[in-house]
Amino acid sequence: MSTRARSPSWSRRRTLKLSTTFLLLLVTTTTKVCRSCSDGESNALLRHIQPLIGPEFSIGRLGWDVTQDCCRWEGVTCSGAGRRQAAGRRVVSLSLAGLGIAGAIDAAVLAPFTALEKLDLSGNQITTFSAANRSDIVVGAVLNNLTALTELHLAGNEITTTGWISNLTSLQVIDMSSNKLHELNGICGLHQLKYLSLGFNMIQGAINPCLGKLQHLVYLDMGSNFLIGEIGPNLLSNLTQVEEIHLGDNNLTGTFDFSSLANNSELHSIVLSNNYKLEIETELVRWTPLFQLEYLNLSNSIVNKRSNGIIPTFLSAQMRLSGIDLSICSLQGRIPSWMLLYNVSLGFLLLHGNSMDFLDTGNLGANVTSSMEVLDLSDNRISMPMPYNLGSLFPYLKYLDMSSNLLYGGVPSLAEAASSLQVLDLSFNMLNGDISTELTGNASILTSLLLSHNDLTGPMPPFHWSLGGLIHLSVENNQLSGGLPPLLMNCTNLENLNVRNNRLSGVIPVGLLSFEKLGALLLGGNQFHGVIPWDICLNNYLHFIDLSNNRFSGEIPGCLYSIFWSELPMYYEDDPFIGNIIQRRQTSVEFTTKGESLTYMGMPLELMTGIDLSMNRLSGTIPSPVGFLRQLKSLNLSHNKLVGSIPDTFMYLREMESMDLSHNHLNGSVPVELADLSFLSFFSIAYNNLSGEIPFESQFCTLNGTAFEGNENLCGEIVDKICPMNWNRSHDSDDEMHQLLSTDTMDMPLIYWSFVAGSFAIGFWGIIALLIWNTACRSRLCSVMDRCIYKMGWFLVP
């Protein structure tokens, strides 16, 4: 059988197919080789780097699988396709942040990674980089192989020195913030640096002048250290490429001429705040800046002392400003209109704590509006009526604080800004007249309305149902009249309600006190009447109740024990907007305790709890459940018509610091357990009908007689009155016996069994003595026992 001859074209196709298959196999194999990292670096990662990682991270968060290519391991980045080498891809980035690496790190573990460009070891507990003899020179020599390293991130460790870093001359980025550095000598020779962050360390002394030689520096942060002395005249001016400078929160002194930065054309942010003795002058010479700032913070320094404290005039030419903080800078005079007119991008302006006396809005046209969101002019001397067009000038305003000034006249409408305004603080001024019913318009998102310490009259806000988002409402110390507005019931998010010291009257609406977030209810110093609503017991957040100096009557609700058990949700995240541009406002509560008015804020506010029902017409007894308010620290029930005894349950008020029950009609004795309230520093039961001996022990030894005066039947060492020998402190023998038996001075079981044992011993030995001394009795007893034994024998023997 013959076979058909195959054509030459078929042979060529077969040869081409085999060649293509071989080529694909070769490319695939080569690609796999090129894509894997080098064996040396893979072994170095497993043998030297992984053992450094804390045990809690090495298994869970950073589990390196030895069966996989190390370039795929978490935290490891290798070179790209354009940088393949015959030995494999090289590790160019190691990210080992927050992995529990602690102590001194042997620099040799990094030596194999000669292609490393970025090393991130931030958020660990590294103290230093060491070598065999722990010399910085040797460490530097070991690290000398890392010629490609451009970024080093070591923030949040415990490193103290920088000498070991001097040989890493290719570094462009160094972040060693939040360490324990005392010096920066090793950084001075790194002339390629562009980013240097050394904030929150312990660097002391004058600013090292070597920083002025880092001419490629773009970002410089040495804030929050212990720097002293002057800012050298050429230190910052030599940094011609610098964009951001942060030297705040130090102890710098002397005079800094701001015009020295005139040629720093790239500068857009500078912070020199909280250098309290640093004098900053901007008006010593005429100068024109080449820079356009975006952020300026000179707060808590002394600005333009030699120029009568005027606002720096160079700011009038800054068109990109988004924020200015000149708080507490000893400024005075007028606030110029150009600060509001020309800086159209200005987002916030903080001038708190100066001596500014006037806000110039007269030169602003009717159609001029500002994009400003935060305006803080508080604690100045601004003496003028509030501008009637304030709302139209700042339609995007979220935060307006003009408190603690000398503003007078009425409160104008801010309806134009109602859609954005969240906080309005006009407290501590001289404003008078009625509050405009259009104060916030109908579309308000207001969360804080603070109008306290003025002379305002008429009804109190809110006037519109739209204030349902209100969190803080304070109109304390005004002349407001009428009752609590019905629309207040819509403000279910209220956390702080303060209407003290007005002329308000009426009853407390049922439901108001049960707002689930209400933490401070301050209604004292008004003319409210009626009973205290029972729904006060439905609130789990109330830390402050002040109903003092009103006309409340009836009994104290016995259900008060159900409150004060939850933490306040409000006092640490107040006014949460505009990020961290302004310091978070902390709500403060003024409360009368320990015989004086104290202001609580921050953590003390979070921990404080108090009830003040004094100066009312309350009657009946003090409810025993009040004693179960174990977290209560202040209780004032004075100047009422309360009767009965002091509840025994008060012994459980272990955190009580101030208790005032004076000027009532209480009777009975002073419970001895009150002396064991170890935190009690103020106590008064004066002017009651109490009787008996005052315990002179424990905490009562720190009190004086004024706490007990006005009780004629009280006696004891504290009031310097001797108690009669037969005095029954309670005038009730049953109560006295109950108190005696309820104390730990007598052990009743011990007395009982001692009596039984004594009776047995007396009876037994008495009979023995009788038998020994009386023979007739002994003979008679023996004959009786013989007869008994004889009779018992007939029953026992069958």
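The values are calculated or read from the model by the stated rules, or taken from the named source; none is laboratory data. Small disclaimer: the values here were computed from a predicted structure and weren't measured. Note that we place each Cβ from the backbone using ideal geometry, even for glycine, and neighbour counts take in every protein chain shown. All accessible areas refer to the heavy atoms of the entire protein, side chains included, with ligands and DNA or RNA removed. Shrake-Rupley method; radii C 1.70, N 1.55, O 1.52, S 1.80 Å.
Figures for the structure shown
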read-out: Positive minus negative residues near residue 298 (Lys, Arg vs Asp, Glu; Cβ under 14 Å); value: -4
read-out: Where labels lie 7 Å past Cα in the beta-carbon direction, separation of residue 216 and residue 630 in nm; value: 6.4 nm
read-out: Nearest-0.05 FRET efficiency for residue 160 and residue 276, computed from C-beta distance (R0 30 Å); value: 0.65
read-out: Largest-first ordering by accessible area, 1.4 Å probe, given options 183, 281; value: 183, 281
read-out: Length gained when the stretch residue 621-residue 320 is fully extended (0.36 nm per residue, less Cα-Cα span); value: 101.6 nm
read-out: Förster-model FRET efficiency, 51 Å R0, residue 667 and residue 599, C-beta, rounded to 0.05; value: 0.90
read-out: Cross-link reach list, aspartates and glutamates versus residue 180, counting only Cα pairs under 14 Å and skipping chain neighbours closer than eight places; value: 158
read-out: Nearest-0.05 FRET efficiency for residue 287 and residue 330, computed from C-beta distance (R0 25 Å); value: 0.70
read-out: For region 151-202 versus region 379-427, the gap between their alpha-carbon centres in whole angstrom; value: 46 Å
read-out: Linear extension gain, residue 118 paired with residue 226, 0.36 nm per residue minus alpha-carbon span; value: 35.9 nm
read-out: Counted charge near residue 119, where neighbours are those whose Cβ lies closer than 15 Å (Asp, Glu -1; Lys, Arg +1); value: -4
read-out: Residue-span extension gain [residue 46 to residue 510] - 0.36 nm each, minus C-alpha spacing; value: 160.1 nm
read-out: Residues whose placed amide H lies under 5 Å from that of residue 621, excluding near-sequence neighbours; value: 643
read-out: Ordering of 767-777, 713-723 by packing [mean C-beta count within 10 Å, highest first]; value: 713-723, 767-777
read-out: Simple spin-label estimate for residue 265 and residue 776 in nanometres, 7 Å along Cα-Cβ; value: 14.1 nm
read-out: Packing-based ranking, highest mean first, of 615-622, 636-643 given that Cβ atoms within 10 Å are counted; value: 636-643, 615-622
read-out: Net +/- balance of residues flanking residue 391 in space, Cβ distance below 10 Å, scoring K and R +1, D and E -1; value: -2
read-out: Flagged links, alpha-carbon separation over 25 Å, of 194/398; 305/398; 277/398; 398/517; value: 194/398; 305/398; 277/398
